[in-house]
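The values are calculated or read from the model by the stated rules, or taken from the named source; none is laboratory data. Computed from a prediction, not measured in an experiment: that's the story for all the values here. Reconstructed Cβ throughout: ideal geometry from the backbone, glycine too, with neighbour counts over all protein chains shown. Side chains included, ligands, DNA and RNA excluded: accessible areas come from the protein's heavy atoms. Shrake-Rupley method; radii C 1.70, N 1.55, O 1.52, S 1.80 Å.
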Amino acid sequence: MSVSLKQIRYFIAAADSGQISHAAVELNVSQSAVTGAIQQLEGVLGVRLFDRHPNGVTLTPEGSRFLLHGRNVLAALEEAMRVSRSSTATASGTVRVGVSYTVAGYFLPRHHARFARTFPGVTLDLYEASRSVIEQALTDGALDIAVMLVSNLSAADKLQSETLFRSRRRLWTPVDHPLLRQEEVGLGDVAKHPYVMLTVDEASHTAGRYWARTEFRPNVIFRTSSVEAVRSMVAAGMGITILSDMVFRPWSLEGQRIETRLLADDVPSMDVGLAWRRGAVLSPAAQAFHDFLCFAFNGAGSNPMNT
């Protein structure tokens, strides 16, 4: 047997997230696919890469060493792809990119760095703003393209969009919360406990929509635009919340652990994607940015005029 790139990618995703389930969501595959790939990789290498425990996985010393090599392998592959795409990598110019707050903090930086290495002739001018401001700027032509939460788009008649990935929303609790002991948790159970409501990127508005489909309402004790504040408050036991896997980290700034649970109710995912003015012909530089992100998540670029 030989080591595959898929096995390395799945291993790195699990190492970065600390949970097989979160890696599966990020990769848009089943949890069993990630588990199987890691087990195959461990079999080929003849070492145990992770220690498994109820709260997730942690790297063994052998896993930590292989993680460095795995990252180097993927970096080398990216460089090879960059060279092989020399015809498209010659694209040059400036792309005006709108980004929403959550995207700017939890999604774009690593992809921006990879894009800059692949397309050194393209400059990305980033503008952070709210959804409504970004939508208007795209419509007016003040922005070329945006990376944002496309699940919240309201100007569908004026904008085209393409989803890059869907981030599942889960319940966040402190480690000793009684809901963790229940076999099944629904919004009715959540409503019985103090709730910390995130407001940034219309998070509270989105939450209001799915809560409104039930007879229950969250017992909101505090509203904040800071994800880190929510994380610290949940970890400290002040309340619980429902947020997406994209912004989840298992530890607060104070070093306290946070647990997650899937909910029995239908809670929509947070969809991150690209948006641009309907009917617009993207410049070569903007097209390169579009195709780069689409290839990273969907395996291929596409013609925006046909999306």
Given the conditions (1) over 21 Å from Met246 (Cβ atoms); (2) open to solvent by less than 50 Å² (accessible area, probe 1.4 Å), every one holds for Ala212 apart from (2)
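In segment 155-165, is there at least one residue being of a type in the set (Gly, Ala, Ser) and at pLDDT below 90? Don't jump to the end; show me each part of the working.
Narrowing segment 155-165 to residues of a type in the set (Gly, Ala, Ser): 155-156, 161.
So of that shortlist, the ones also at pLDDT below 90 come out as 155-156.
Taking every residue of segment 155-165 in turn, at least one turns out to be of a type in the set (Gly, Ala, Ser) and at pLDDT below 90.
Evaluate segment 243-250: report whether one residue or more is over 14 Å from the mean Cα position of the chain (by Cα) and among the basic types (Lys, Arg).
Looking only at segment 243-250, we keep the residues that are over 14 Å from the mean Cα position of the chain (by Cα), and these are 250.
If we keep only those that are among the basic types (Lys, Arg) too, we end up with none.
No, every residue in segment 243-250 fails to be over 14 Å from the mean Cα position of the chain (by Cα) and among the basic types (Lys, Arg).
Would you list the strands (runs of 3 or more DSSP E) that sit entirely within segment 202-298 and hold 1 or more residues that are in contact with a helix residue (DSSP H, G or I) (Cβ under 9 Å, 6 or more places away or on another chain) and in the same structural domain as Gly121 (by the TED database)? Break it down into steps so the answer makes sense when it comes.
Values: elements: 219-224, 241-244, 258-261, 270-277.
By residue number, 270-277.
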Residue pairs qualifying under the 6 Å Cβ cut-off, at least six apart or on distinct chains, with the first in segment 29-51 being on the phi > 0 side of the Ramachandran plot and the second being loosely packed, with under 15 Cβ neighbours inside 10 Å and assigned to a loop (DSSP other than H, G, I, E, B), are none
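Would you call Thr123 closer than 16 Å to Gln287 by Cα and either more than 18 Å from the chain's Cα centre (by Cα) or in the same structural domain as Ser283 (by the TED database) (or both)?
Criteria met by Thr123.
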Exception for Arg65 within (1) under 25 Å from Ala296 (Cα atoms); (2) open to solvent by 60 Å² or more (accessible area, probe 1.4 Å) falls at (1)
Taking segment 215-246 and the residues there that are surrounded by 14 or more Cβ atoms within 10 Å (Cβ to Cβ) and hydroxyl-bearing (Ser, Thr, Tyr), the one that is modelled with the lowest pLDDT would be Ser244
